[in-house]
Amino acid sequence: MKFKQLSPEEEKVIIYKATEKPFTGKFLNNKEKGIYTCKRCGTPLFKSEDKFDSHCGWPSFDDEIPGSIKRIPDADGKRTEIVCAKCGAHLGHVFIGEWFTEKNLRHCVNSISLDFIKK
C-alpha cells in the first residue's frame, strides 16, 4: 500500500498517536459540503452532513462511512481510539452517551489526520 508523504507534525499524530492542540485544526469550523478522507491513504471516512459542532476543540462527526473506521480500546483503558480501517492511521477517539446528537455518538477527530474533498 502506498502512503502519502507526511510532515513531522502529521507523523506525530497519525503514526505516533499524539493529539493536535484543541481549537487549532483547519477543519474545526469547516462548513463546506464534501467528504473527509484519511490524510495518509485517502480512504473516505466521514461525510460533511455528519459533522456537528460539539464545542470540544476538534472536528466531531456523529456517523462514519461504513467500513472506514476501526475501533480499538485506548491504552488509557477508558477511551476508544479510532483509526483508518485501511491503513491504521490514528484519527482520534469515539464517545458514546453524550447526547450531542440523536445518534448519541461523537467521533472526535484530529484535523491533521484528515483531508477534505469539496463537493
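Any read-out appearing in this document is the output of simple, stated calculations on the displayed coordinates, not a laboratory observation. These numbers come from a predicted model, not from an experiment. In this analysis, Cβ positions are derived from the backbone assuming ideal geometry, glycine residues included, and neighbour counts consider all displayed protein chains.
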**OP:** Take the range 8-58 and flag every residue that is farther than 17 Å from Phe116 by Cα and not charged (D, E, K, R).
**Re:** Pro8, Val13, Ile15, Tyr16, Ala18, Thr19, Pro22, Phe23, Ser54, His55, Cys56, Gly57
Original post:
Hey, does the range 31-48 have a residue that's under 18 Å from Phe100 (Cβ atoms) and surrounded by fewer than 17 Cβ atoms within 10 Å (Cβ to Cβ)?
Top reply: yes
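What about Phe27, is it surrounded by 15 or more Cβ atoms within 10 Å (Cβ to Cβ), in contact (Cβ under 8 Å) with a residue 24 or more places away in the chain and not in a strand (DSSP E or B)? Explain how you work it out, then say what you get.
Numbers: surrounded by 15 or more Cβ atoms within 10 Å (Cβ to Cβ): yes; in contact (Cβ under 8 Å) with a residue 24 or more places away in the chain: yes; not in a strand (DSSP E or B): yes.
It is true that Phe27 is surrounded by 15 or more Cβ atoms within 10 Å (Cβ to Cβ), in contact (Cβ under 8 Å) with a residue 24 or more places away in the chain and not in a strand (DSSP E or B).
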**OP:** Please go through the range 63-84 and pick out each residue that is crowded, with 18+ Cβ neighbours inside 10 Å and either touching a Lys or Arg at 6+ places or on another chain (Cβ under 7 Å) or part of a loop (DSSP other than H, G, I, E, B) (or both).
**Re:** Glu64, Ser68, Ile82, Val83, Cys84
Original post:
Which one of the conditions (1) touching a residue at least 60 places away in the same chain (Cβ under 8 Å); (2) in a loop (DSSP other than H, G, I, E, B); (3) touching a Lys or Arg at 6+ places or on another chain (Cβ under 8 Å) does Cys56 fail to meet, given that it meets all the rest?
Top reply: (1)
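Which residue out of Ile69, Ile35, Ile15 is under 16 Å from His107 (Cα atoms), in contact (Cβ under 8 Å) with a residue 60 or more places away in the chain and among the aliphatic types (A, V, I, L, M)? Walk me through it before giving the result.
Numbers: Ile69 fails: in contact (Cβ under 8 Å) with a residue 60 or more places away in the chain; Ile15 fails: under 16 Å from His107 (Cα atoms).
On inspection, the qualifying residue turns out to be Ile35.
Looking only at the range 85-119, which residues are among the hydrophobic types (A, V, I, L, M, F, W, C), out of contact with any Asp or Glu (no Cβ under 9 Å at 6 or more places or on another chain) and not in a strand (DSSP E or B)? Even if it seems obvious, please write down each step before you answer.
At the first step, the residues of the range 85-119 found to be among the hydrophobic types (A, V, I, L, M, F, W, C) are 85, 87, 89, 91, 94-96, 99-100, 105, 108-109, 112, 114, 116-117.
When the remaining residues are screened for being out of contact with any Asp or Glu (no Cβ under 9 Å at 6 or more places or on another chain), the result is 85, 87, 89, 95-96, 99, 108-109, 114, 117.
If the condition is that a residue be among the hydrophobic types (A, V, I, L, M, F, W, C), out of contact with any Asp or Glu (no Cβ under 9 Å at 6 or more places or on another chain) and not in a strand (DSSP E or B), then Ala85, Cys87, Ala89, Trp99 are the ones that fit.
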Original post:
If Glu20 satisfies every condition in (1) in a loop (DSSP other than H, G, I, E, B); (2) in contact (Cβ under 8 Å) with a residue 60 or more places away in the chain; (3) surrounded by fewer than 17 Cβ atoms within 10 Å (Cβ to Cβ) but one, which is the exception?
Top reply: (3)
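Can you pull out the residues in the range 1-15 that are more than 17 Å from Trp58 (Cβ to Cβ), under 15 Å from the mean Cα position of the chain (by Cα) and of a type outside the set (D, E, K, R)?
Going residue by residue through the range 1-15, those that are more than 17 Å from Trp58 (Cβ to Cβ) are 1-8, 11, 15.
Among the residues that remain, those that are also under 15 Å from the mean Cα position of the chain (by Cα) are: 11, 15.
Correct list: Ile15 only.
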